[in-house]
Amino acid sequence: MNRPARLKNPLRSRSEVILRGTVVCALVIFFVTFFVIPIFMVFGGSFFRWNPLKGQLNFLGLDNWKRVFTSDLFWRSMGNTVFFAAVATVFRVVLGLALASALYSRLIKHKSVYRVLYYLPTITPLVAVAFVWKFIFDPRIGLLDQLLNTNINWLFDSRYAMVAILILTIWKDFGYAVIILLGGMYSLPQDCYEAAEVDGAGAWQRFRRLTLPLLKPTILFIVITSLISYFQTYIPVMVLTQGGPGTQTYLASYLIYEEAFSKYNFGYASALSFVLFIFIALLTGLSFKVSGKSDDT
């Protein structure tokens, strides 16, 4: 009796091995070229007085690093960055959660229209958005003062400049949280909600006891990605305030941009960049550690 021919595993075929090897090699080359090499170049450049426009490359040792940690402007920019990232993340999550819950309810019709409207600012180029908001904040022709019936110089008053940047950022980014959280809500088990409704739980009780705990991984993901993104923000500052008035709106990324492309201190900017890189890496590691603990519980 003839035995049936054994089926060949397609994952072990010669063509499949070649394809997988090619894809892996391409990814490794891409990662090394655009991530690893630039990181080492930045780290190496931090030990030099480096101006490629003048062909200047003078070894300074640890002078750039000493300047970073003794610079009042650097610590001021880091404080501003932490404040900006924390406030923007909180508003992004809270506003996104509120609007996602409203869209998830049965009372809202034409939900697809609202989803498009909320997400539209997110995909709009940030530079274009910043220039539009610059006109909105203008004390002479801006719409904001006219709507609020106020006379506030939003971009040049130290009390309101950071508020203006936060308004722009929150308006542009909250739609991302709405879409992610709404997708998370649609994936929640409906039998739990039906059982809670049968037991007499109200809308607020279902939200607090079911929705929030079940959405915890999604909320944590939004918090992590938001903090990492906001620690790298510089375009709104560059367009709206250029760090002013004074140093009120200096963010760490904008300080790096100014040192590198306005003052051409690439060595000092490299040291600043690497310090920010280490800070974001530590923040990311801590976030993943917290995420792992939440998954275990």
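Here are some notes:
- Contact map, the stretch 104-117: residues that are free of Cβ contacts under 8 Å to residues at least 24 places away in the same chain paired with residues that are in a loop (DSSP other than H, G, I, E, B) and open to solvent by less than 100 Å² (accessible area, probe 1.4 Å), Cβ distance under 8 Å, separation 6+ or inter-chain. Pairs shown: Tyr114/Ile108.
Yes or no, residue by residue, for (1) of a type in the set (S, T, N, Q); (2) over 30 Å from Phe207 (Cα atoms):
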site: Ser112; (1), (2): yes, no
site: Val127; (1), (2): no, yes
site: Leu168; (1), (2): no, no
site: Val178; (1), (2): no, no
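- Qualifying residue in the stretch 103-120 (condition: among the small types (Gly, Ala, Ser) and in contact with a helix residue (DSSP H, G or I) (Cβ under 7 Å, 6 or more places away or on another chain)): no
- Flag if Leu147 is farther than 14 Å from Tyr118 by Cα and open to solvent by 60 Å² or more (accessible area, probe 1.4 Å): yes
- Subset of the stretch 150-179 [open to solvent by 60 Å² or more (accessible area, probe 1.4 Å) and of a type in the set (Phe, Trp, Tyr)]: Phe156, Tyr160, Trp171
- Unmet criterion (only one of (1) in contact (Cβ under 8 Å) with a residue 12 or more places away in the chain; (2) surrounded by fewer than 15 Cβ atoms within 10 Å (Cβ to Cβ); (3) assigned to a loop (DSSP other than H, G, I, E, B); (4) not β-branched (Val, Ile, Thr)) for Arg209: (3)
- Any chance Val223 is open to solvent by less than 30 Å² (accessible area, probe 1.4 Å), under 22 Å from Val87 (Cα atoms) and assigned to a helix (DSSP H, G or I): no
- Options Ala196, Ala281: the member that is among the aliphatic types (A, V, I, L, M), part of a helix (DSSP H, G or I) and open to solvent by less than 30 Å² (accessible area, probe 1.4 Å): Ala196
- Residue count for the stretch 88-104 under the criterion of being closer than 21 Å to Phe207 by Cβ and either surrounded by fewer than 11 Cβ atoms within 10 Å (Cβ to Cβ) or aliphatic (A, V, I, L, M) (or both): the result is 10.
The values are calculated or read from the model by the stated rules, or taken from the named source; none is laboratory data. In this text, all values refer to a predicted model and were calculated from it rather than measured experimentally. No Cβ is skipped: glycine too gets one built from the backbone with ideal geometry, and neighbour counts run over all protein chains shown. Protein only, heavy atoms only, side chains kept; ligands, DNA and RNA dropped before computing areas. Shrake-Rupley method; radii C 1.70, N 1.55, O 1.52, S 1.80 Å.
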